[in-house]
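Report on one structure; see the data block that follows.
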C-alpha cells in the first residue's frame, strides 16, 4: 500500500511526521510487516530522533550546519542554501525502514520520524510504502559502556539462523535516541577510530540547547547522523556481510541497558 502526504515547510526547519505515518499504518490494516518512509527531495532529509524537546532538533540543525556550512563557494550555484542542502541531504539520508508489529510501528518511547528541511520554505511531500510480511522478530539486549562500540554480529546471526529463513531480508532497529547502529569494521581498533571521529564531528560539550546532560544532548545529534537501523540480505540461511564487516551498536550516552529488534522475513 502506497501513501503520499504533502506538507508546507518553513526555512531550515524540522517537522514531526510520526503521527501521519502511524495513521497510515493503522488505515492499512497491516499487522506484521515493514513500513518504508521516503523523502523525494534533494534538499531535505529524514531522521529518526528524539521528539520530546524542540531544542534538541535545533541542536541537530546547528551541528549539521557546523559540519556542512552554508557558503557561496559551492560549484553548484543555484543558491547557497540549495547547494549546501544537496550535500546535507546526501549525508543525512532521506529514507527509513520501520518494523510493523501487532499493527504498530516499532519505535522507542522517545523516537520519532522527523522531516528535515535544509532550504525552504517550500511545498514538500513524503512517501510511505507499507508491505505486509510475516516476520520472525526477536529482541536483543545490549549491555553498554560509555561511548562504546558493541559488536552485535553474532547475536544477529543467531536470530537469522533461528528464523529458519533461507533467503530474504534481515532488518535491525535500535529503539533509542542516544544510540546508533552502523556497519563498521569488525576489529576493535577500527571501531574506536569510528567512535573518535563521530565525537570529533559532534563534540560532547555543555553549550547544547537541549540541557539534560552533555552526553545526552550530543547523543541525540550523533544518533540522528549515524542512523538507528540496518537492512541486510539473508542468503543460504546466513547473514550476508562482507569480509571484515560487523553490525555495531554505537552507545553515545550510557552505560545503560539497551536493546534492539531484529526482524527476518523470507523472499516471496
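For the reader, a short list of remarks on this structure follows.
- Taking other C-beta atoms within 10 Å as the exposure proxy, 76, 171 rank 76, 171 from fewest upward.
- Comparing 38, 177, 27 in a Gaussian network model of the chain where C-alpha atoms under 10 Å apart are linked, the largest mean-square fluctuation is found at 27.
- In the chain, helices alone account for a calculated mean residue ellipticity at 222 nm of -9000 deg cm²/dmol, with every DSSP H run of four or more residues adding -39,500 (n - 2.57).
- The chain: most fluctuating residue of 250, 96, 19 per GNM, C-alpha cutoff 10 Å: 19
- Over the chain, relative contact order from alpha-carbon pairs under 8 Å, at least 6 apart, %: 29
- Neighbour-count order for 115, 261, 2, fewest beta carbons within 10 angstrom listed first: 2, 261, 115
- Modelled FRET efficiency - R0 25 Å, residue 4 with residue 186, Cβ distances, 0.05 increments: 0.05
- Residue order, fewest to most beta carbons within 10 Å, for 9, 42: 42, 9
- Segment 182-234 - percent relative contact order, Cα under 8 Å, separation 6 or more: 34
- Taking 7 Å steps out from each Cα toward its Cβ at residue 267 and residue 102 produces label points 3.3 nm apart.
- Within a Gaussian network of the chain (alpha carbon springs, distance under 10 Å), most fluctuating of 74, 146, 127: 74
- Whole-number D in µm²/s for the chain (Stokes-Einstein; Kirkwood sum over Cα pairs; 37 °C, 0.692 mPa s): 171
- Shown is the FRET efficiency for residue 241 and residue 131, computed with R0 = 25 Å from the Cβ-Cβ distance and rounded to the nearest 0.05: 0.60.
- Geometric descriptor of segment 1-133, per residue, is 99 Å³ (volume of the convex hull of the Cα atoms).
- Pair-distance distribution of segment 207-268: all C-alpha pairs, bin width 5 Å, starting at 0; shares per bin in whole percent are 3, 12, 19, 19, 15, 12, 8, 6, 3, 1, 0.
Each reported figure results from applying straightforward, stated rules to the coordinates on display, with no laboratory input. Keep in mind that this is a model prediction, so the values were computed, not measured. All Cβ positions, even for glycine, are placed from backbone atoms using ideal geometry, and neighbour counts span all protein chains on display.
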